Amino acid sequence: MLKQFKIPDGDVIRVDSYSLRKVVKDIFINCGVSEIESEIGSDVLVSTDLRGVDTHGVSNMLRIYVKDYQDGKLNPSSNMKIAKESISTINIDGDNGLGILQGPTAMEYAIKKAKESGVGIVTLFNSGHIGAVGHHARIAADNKMVGICLTAGGTLVLPTFASESRTGTNPISLAAPSDKYPYFLFDAATSSIAGNKVRLVARNGTKLSAGSIGDENGNPIMEPMSVDVSEDFINIPNLLPLGGNRDQGSHKGYGLSLFVEILCTILSGNVPNMVDPNGNLCHFFAAFNIESFTEYNIFISNMDSMLETLLNTPSTSEADRVIYPGIMEYENEQDRIENGIPLHKEVVEWFSSTSKLMKIDSVKLL
């Protein structure tokens, strides 16, 4: 993670991951979510924090979920319903439930289909925020498959040359198993930065890099700048597509965001939020049964060869090594399991006040 997104040393408080899981689960239960789904939600968020994906862990997302439940925007008792099904596909109505509670189940459906037909694809509509898409893709990799997860929704991002935002950050993820090395796990927004990184910068008091956001007229701001996302860390400014401006390839990020919108939203029978601002989020899950294409042992051996070649590639003076998507998350996970999860003191204060209001135990500090 780049320096501007990291918590300043003086603001870091480490918390016990097991305690955090329990507190997050209790908060979901307090919002009316079932115990089973509360445990799923806690696992998604805390596992995300363990891997160092601080943008989509408890720091930014949990308070938004709580507010949405309290405001009646999310259904805490949602019941996923199959709208359409074929040999290898399923389209699911999420019943206005929170996506992080539904994503693991949707990927399990895709895995089941892939075991039967080689490939399983699931679309999920009328759903809420899904968290880190990489978490759901990884479920397939844990089952000896290649997993893909995409999500679309919102209108935070400016199309290339646009003066008004139209698409979501629309992230993409792919997870693939290996043998000797940590799994490949790519998870990235199709915008210049994830929306939640704006929240991290605001909380940390640092600056966004040039080419991250546009001004009120949609023009790319090509210099570092501070941001204010409001007291509740919810509002964020116009984001630029991946690439920043046209000269640096923003048309590619813009095209990828529409790629995601088509597979998640239009394929599931819905229209994007640029057309219907009141529509819910839509997601896409795919599982590829490796054994339907090649021998599993051949696949993971070839993955190892590729990853090893990358790790052995000489680095420039800017870094001490070349990495690949997934290895830093693995290393973060090993460190944070042993030494605790670093949270900003403002987040710990939120947990303390929220726990007191809900009359539950607060998180254990280390």
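Please go through the stretch 333-366 and pick out each residue that is free of Cβ contacts under 8 Å to residues at least 12 places away in the same chain and at positive phi.
359, the sole residue that qualifies.
So, in the stretch 93-113, of the ones that are more than 17 Å from the chain's Cα centre (by Cα) and in contact (Cβ under 8 Å) with a residue 60 or more places away in the chain, which residue ends up farthest from residue 33 (Cα to Cα)?
For the stretch 93-113, the residue satisfying everything is 113.
Just checking, does the stretch 187-208 include any residue being at pLDDT below 95, over 28 Å from residue 276 (Cα atoms) and touching a Ser or Thr at 6+ places or on another chain (Cβ under 7 Å)?
Yes, because at least one residue in the stretch 187-208 is at pLDDT below 95, over 28 Å from residue 276 (Cα atoms) and touching a Ser or Thr at 6+ places or on another chain (Cβ under 7 Å).
Condition test on residue 180, is it at positive phi and either of a type in the set (Ser, Thr, Tyr) or surrounded by fewer than 21 Cβ atoms within 10 Å (Cβ to Cβ) (or both)?
No.
For the subset of the stretch 1-47 comprising residues that are surrounded by fewer than 16 Cβ atoms within 10 Å (Cβ to Cβ), at pLDDT below 95 and aliphatic (A, V, I, L, M), which member is farthest from the chain's Cα centre (by Cα)?
Checked the stretch 1-47; the qualifying residue farthest from the chain's Cα centre (by Cα) is 12.
Quick test for you: out of 174, 101, 156, pick the one residue that is within 24 Å of residue 299 (Cβ to Cβ) and either buried (at least 24 other Cβ atoms within 10 Å of the Cβ) or not polar (S, T, N, Q) (or both).
From the options 174, 101, 156, the qualifying one is 174.
With modelled with pLDDT under 95, under 19 Å from residue 270 (Cβ atoms) and among the small types (Gly, Ala, Ser) as the only criterion, which of 99, 154 stands out?
Result: 154 is the single residue among 99, 154 that is modelled with pLDDT under 95, under 19 Å from residue 270 (Cβ atoms) and among the small types (Gly, Ala, Ser).
Only residues in the stretch 190-201 that are closer than 19 Å to residue 49 by Cβ count as the first member; pair them with residues that are at pLDDT 80 or above and among the β-branched types (Val, Ile, Thr), Cβ under 7 angstrom, at least 6 apart or cross-chain, and list the lot.
194/55; 194/169; 195/169; 196/55; 197/55; 200/55
The values are calculated or read from the model by the stated rules, or taken from the named source; none is laboratory data. Because the structure is predicted, anything quoted here is derived from the model rather than measured. Positions of Cβ are generated from backbone atoms using ideal geometry, with glycine treated the same way; all protein chains shown enter the neighbour counts.
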